[in-house]
Amino acid sequence: MPATQKIREFEWRDQDYKFLSALLHEKTGIMLAEKKKEMMYGRLVRRLRLLKLNSFRDYCTYLQGPSGEKELGFALNSITTNTTSFFREKHHFDFLRKEILPPIRREIDCNPRHHVRVWSAGCSSGQEPYSIAMVMRDILGPRGTNSRILATDLDSAIIDTARAGRYDEKICREACLKDAGHTSGGQMEIRSELKNMVSFKQLNLLHDWPMTGKFDVIFCRNVMIYFDQETQDNLVRRFAGRLKAGGFLFVGHSESLLSVADIFTNIGKTTYRLSS
Ligand SMILES: C[S@@+](CC[C@H](N)C(=O)[O-])C[C@H]1O[C@@H](n2cnc3c(N)ncnc32)[C@H](O)[C@@H]1O
């Protein structure tokens with residue numbers, strides 16, 4: 001047995017890692033490199049303790065048994081990377097504020113039933129959709145009553161956190177969010193006015209999308225980076241089908257839509273517009 005395994009609490013064989021990473025890829029599109037083996041051990045070890053299992057071999061067997069489907073949800077919640085922050089990659093929020101929303105505001109002035117629909121796909125703990133809501137509130141004000149943000153994520157636990165909308169007060173102060181919520185006990189809770197603009201739903205982007213209608217803007221940032229190229233391309237083509245004519249797609253700083261340049265035009269840093 002390799003020396004590293006002797007000090008482990010649970011036996012962790014290469015074939016266990018291969019099985020778990022293949023399952024993760026099949027269910028979520030997420031590709032883990034060999035070097036992520038330690039990370040996966042660290043993220044799943046609590047599940048083994050909780051289930052009182054003796055090894056990852058047993059955990060793999062458990063996932064294939066009658067309780068496997070339910071456990072898979074917990075496993076995926078443990079493995080996903082949820083790093084996010086308010087106004088992360090600020091240029092997208094500046095573009096929304098300066099370029100996208102002002103013409104929509106003028107349209108609403110002519111037709112009060114007009115509205116904007118934004119999708120935050122892979123919203124993690126909610127900082128992204130709440131940042132969008134703050135910009136929409138600033139630019140549209142009471143005109144934004146019919147406008148909505150759909151915020152979805154694969155991870156059901158993180159969706160509950162997002163819906164609760166409570167964040168560390170210090171972090172909110174640093175992000176200058178003083179009028180975004182009410183503070184107590186070291187935490188700031190997002191105002192109900194902003195919460196009401198966002199609908200949170202659990203959704204695996206690889207599955208069917210039950211929502212109807214099209215979006216003006218889709219944020220899918222720092223999600224596709226974990227997917228293989230084919231999954232990314234398929235997803236981006238599906239996003240195109242869910243955007244209104246001339247709609248916008250924002251992706252993360254290390255993501256590029258070069259391979260689907262026939263559908264989207266790059267109009268700025270990680271900012272794309274549906275080609276006509
Ligand atoms: C790093 S966070 C990005 C959060 C936010 N978009 C941002 O840029 O700050 C990635 C999120 O994508 C979600 N995710 C990963 N695979 C997914 C899938 N197949 N369907 C839906 N969400 C997924 C994860 O659960 C995680 O919350």
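For segment 3-79, a crude dipole built from +1 on the beta carbon of Lys and Arg and -1 on the beta carbon of Asp and Glu, taken about the Cα centre, is about 240 debye to the nearest 20. With contributions of -39500 (n - 2.57) from each DSSP H run of at least four residues, the per-residue ellipticity at 222 nm computed over the chain stands at -12000 deg cm²/dmol.
Kirkwood analysis of segment 3-79, using all unique Cα-Cα pairs, places the hydrodynamic radius at 12.6 Å. Evaluated at q = 0.19, 0.22, 0.25 Å⁻¹, the base-10 log of the normalised Debye intensity for segment 23-122, with identical point scatterers placed on the Cα atoms, takes the values -0.97, -1.20, -1.39.
For the pair HIS114 and LEU50 in one chain, pulling the backbone fully straight at 0.36 nm per residue adds 18.0 nm over the alpha carbon distance.
Amide H to amide H distances under 5 Å link PHE219 with TRP119, SER120, ALA121, PHE250, where only residues 5 or more positions off or on other chains count and H is placed in the peptide plane.
A compact globular protein would have a Cα radius of gyration near 2.2 N^0.38 Å; the ratio found for the chain is 1.11.
Amide hydrogen proximity for HIS253: with H placed 1.01 Å from N in the peptide plane, the residues at 5 or more positions away or on another chain lying under 5 Å are ASN222. Ranked from largest, the principal axis spans of the Cα set of segment 158-276 equal 50, 30, 27 Å.
What is the gain in length, in nm to one decimal, between ARG8 and ARG97 on full extension, counting 0.36 nm per residue of separation less the C-alpha to C-alpha distance?
Result for the pair: 27.0 nm of gain on full extension.
Once the chain from LYS244 to ILE171 is taken as fully extended at 0.36 nm per residue, the excess over their C-alpha distance is 22.8 nm.
Read the figures in this text as sums done on the coordinates, not as results from a lab. Model, not experiment: these values are computed from the prediction. So basically every Cβ, Gly included, is an ideal-geometry build from the backbone, and we count neighbours across all protein chains shown.
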